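The values are calculated or read from the model by the stated rules, or taken from the named source; none is laboratory data. Keep in mind that this is a model prediction, so the values were computed, not measured. Here the Cβ is made from the backbone with ideal geometry for all residues, glycine too, and neighbour counts use every protein chain on show.
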Amino acid sequence: MQEVPRGFKMEELKIDKSKFKQQGQGKSDWGEELRQKMESYNASKTKSKEEPAPSTIIFSLDNTLKGLSQVVCILEKQNVALHHIESRSSLSDPEAKEFLAVLESDKASEARVMDTLELLKECVKSLEVVEGGENDTVWFPRTLEEMNPCLTRPLYSELEPSHPGAKDPEYQALRKMCWNIAHNYTIGTPIPVIEYTESQIKTFGAIYSKLKILYPTNACKEFNEIFPDLVKECNISEDHIPQMEDVSQFVKKRTGFVLRPVSALLSARDFLSALAFHVFPATQYLRHPSSPFYTPEPDLCHELLGHCALLANPEFAQFSQEIGLASLGAPDEYIEKLASVYWFTVEFGVCKESTGRKAYGAGLLSSVAEIQYFLTDEPKVKPFDTSTAITESYPVEGFQTTYFLAESFSDALQKIRAFAATIPRPFTVRYNPYTQSIEVLDSKEKLLKVAEQLNGELNRLMDGILKLK
Ligand SMILES: [Fe+2]
């Protein structure tokens with residue numbers, strides 16, 4: 001799944017930030033309980049003059065559009081700025097949507113924010129004051145059950161009029177089928193089968209037949225080591241598109257990663273959070289047969305030919321997961337930076353080998369044209385460095401103008417880890433594969449418990465090394 005580096009922001013809800021600068025007043029008398037809760041919260045903390053007012057809230061709505069509109073109106077009237085908002089399906093009520101919102105939080109606006117909370121309670125189904133201001137941790141999924149709904153909220157649901165398949169009923173029907181699968185899918189269950197049409201198989205075959213000739217010389221050795229096994233075990237050929245479930249099982253056996261069908265592009269935050277759980281969001285639909293060598297969005301060719309072989313490489317899988325772990329609870333600006341790093345590595349990364357530079361990014365490995373273009377003298381090639389990659393701009397369509405050259409996966413991983421350490425989070429996280437959940441390591445006791453577990457692993461490792469001597 002190729003995703004763009006954007007978060008779920010006000011712009012995507014089509015809210016005009018400037019409206020929040022208008023003046024307005026309003027107050028009701030029902031919110032004493034909430035006010036007391038806020039005051040109690042404030043009193044429980046030793047606050048400095050600079051400390052922000054509490055303003056992170058979670059609210060749920062029955063009628064999402066109407067309710068959200070009312071929330072926005074109240075914020076506008078109260079002149080309270082909305083710094084961040086994100087949504088998810090309610091975990092307790094499948095009919096409701098939950099929103100996490102970070103409101104204006106400077107000291108001067110504290111009274112207005114508290115009044116606003118009172119007003120909001122009148123138009124929402126439930127409202128909870130989480131704590132703190134915008135410097136506090138952003139909500140993130142900690143279990144598969146919490147993460148699954150994050151993958152059913154794509155950035156768009158309708159094809160752009162310029163999409164090659166926008167006016168093709170057969171193509172629209174396939175997209176609808178894939179949409180339904182993605183929205184009803186639960187991780188851990190078999191991925192439903194798609195019956196691809198003759199024209200879709202022909203499209204896939206046209207791309208595959210050209211790429212398989214280019215891989216031996218243009219793709220990295222790690223890819224070329226695994227790809228023949230992927231072809232054999234999943235029965236990939238010019239005449240056969242493998243089912244996502246078979247490919248997922250292939251990858252899972254080697255690295256624990258599984259594929260999870262999604263209906264379209266996700267926000268960077270949702271996409272990256274899935275990687276932390278060893279889950280790779282992937283599309284099941286194919287590009288339109290009228291343009292076999294161009295797609296305006298990621299499709300099965302991109303996911304299968306571009307991503308899946310390397311997801312079966314343990315070092316690369318770890319690299320992908322660590323980007324995901326770094327994203328959990330990270331502020332928006334760091335999500336954008338991580339998305340840029342992801343773009344210049346997992347999507348369009350090139351690496352150094354003794355015979356020259358090779359492709360390991362899925363955008364290259366799934367493009368008949370770009371897998372040849374990146375070896376020409378036209379694009380710039382820079383040594384991979386996170387501090388440079390996060391500031392580099394790039395085209396979402398068309399060939400890349402700059403590629404980042406990694407010394408090795410291991411070297412790139414070290415750099416990702418160093419970057420992750422700069423993300424302002426008051427904790428670190430760890431994926432527990434046994435419970436398939438994220439452990440938040442925010443206390444001495446939790447860290448010591450993990451250290452004990454690792455000590456046991458190290459002892460077994462040393463025992464093995466000594467026995468080899
Ligand atoms: Fe991708």
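If you scan region 342-373, which residues turn out to be within 16 Å of the ligand (Cβ to nearest atom), part of a loop (DSSP other than H, G, I, E, B), farther than 20 Å from SER209 by Cα and free of Cβ contacts under 8 Å to residues at least 60 places away in the same chain? PHE348 - this is the single residue of region 342-373 that is within 16 Å of the ligand (Cβ to nearest atom), part of a loop (DSSP other than H, G, I, E, B), farther than 20 Å from SER209 by Cα and free of Cβ contacts under 8 Å to residues at least 60 places away in the same chain. Screening the candidates GLU322, GLU378, GLU333, GLU392 for the property of being farther than 21 Å from ARG269 by Cβ, acidic (Asp, Glu), modelled with pLDDT under 95 and away from the ligand (no atom under 11 Å from the Cβ) yields one hit, GLU378.
Listed here are the residues, each with its yes/no results for (1) crowded, with 24+ Cβ neighbours inside 10 Å; (2) away from the ligand (no atom under 11 Å from the Cβ); (3) over 18 Å from the mean Cα position of the chain (by Cα).
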{"residue": "LYS252", "(1), (2), (3)": "no, yes, yes"}
{"residue": "LEU259", "(1), (2), (3)": "yes, yes, no"}
{"residue": "SER263", "(1), (2), (3)": "yes, yes, no"}
{"residue": "PHE271", "(1), (2), (3)": "yes, no, no"}
{"residue": "THR283", "(1), (2), (3)": "yes, no, no"}
{"residue": "LEU286", "(1), (2), (3)": "yes, yes, yes"}
{"residue": "PHE293", "(1), (2), (3)": "no, yes, yes"}
{"residue": "PRO298", "(1), (2), (3)": "yes, no, no"}
{"residue": "GLU303", "(1), (2), (3)": "yes, no, no"}
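Looking at (1) within 16 Å of the ligand (Cβ to nearest atom); (2) at pLDDT below 90; (3) within 19 Å of the chain's Cα centre (by Cα); (4) crowded, with 17+ Cβ neighbours inside 10 Å, which is the only condition PHE399 fails? With respect to (1) within 16 Å of the ligand (Cβ to nearest atom); (2) at pLDDT below 90; (3) within 19 Å of the chain's Cα centre (by Cα); (4) crowded, with 17+ Cβ neighbours inside 10 Å, PHE399 is out only on (3). Quick check on VAL429: is it closer than 20 Å to ILE335 by Cα and in contact with an Asp or Glu (Cβ under 8 Å, 6 or more places away or on another chain)? Taking the combined requirement at face value, the residue satisfies it.
Residue by residue, here is whether (1) of a type outside the set (Asp, Glu); (2) more than 17 Å from GLU245 (Cβ to Cβ) holds:
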residue: ALA276; (1), (2): yes, yes
residue: PRO281; (1), (2): yes, no
residue: PHE293; (1), (2): yes, yes
residue: CYS308; (1), (2): yes, no
residue: LEU311; (1), (2): yes, no
residue: PRO314; (1), (2): yes, yes
residue: GLY324; (1), (2): yes, yes
residue: ASP332; (1), (2): no, yes
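Against the condition closer than 30 Å to ALA406 by Cβ and not β-branched (Val, Ile, Thr), how does LEU174 come out, does it pass? Spelling it out, it is not the case that LEU174 is closer than 30 Å to ALA406 by Cβ and not β-branched (Val, Ile, Thr). Evaluation of LEU310 against the conditions (1) part of a helix (DSSP H, G or I); (2) more than 13 Å from the ligand (Cβ to nearest atom) shows that the sole unmet condition is (2). Residue pairs whose Cβ atoms lie under 9 Å apart, sitting 6 or more positions apart in sequence or on different chains, and linking a residue in region 450-469 that is over 19 Å from GLU439 (Cα atoms) and of a type in the set (A, V, I, L, M) to a partner that is assigned to a helix (DSSP H, G or I) and at pLDDT 85 or above, do not occur here.
Residue check: is GLN414 surrounded by 16 or more Cβ atoms within 10 Å (Cβ to Cβ) and either assigned to a loop (DSSP other than H, G, I, E, B) or without any contact (Cβ under 8 Å) to a residue 60 or more places away in the chain (or both)? So GLN414 does not fit the description; no. Within region 175-191, residues that are touching a residue at least 60 places away in the same chain (Cβ under 8 Å) and closer than 12 Å to SER157 by Cα have Cβ atoms under 9 Å from residues that are of a type outside the set (D, E, K, R) and loosely packed, with under 12 Cβ neighbours inside 10 Å in these pairs: TRP179/SER157, counting only partners at least 6 apart in sequence or on another chain. Kindly establish whether LEU328 is within 16 Å of the ligand (Cβ to nearest atom), crowded, with 20+ Cβ neighbours inside 10 Å and among the aliphatic types (A, V, I, L, M). So LEU328 fails the test.
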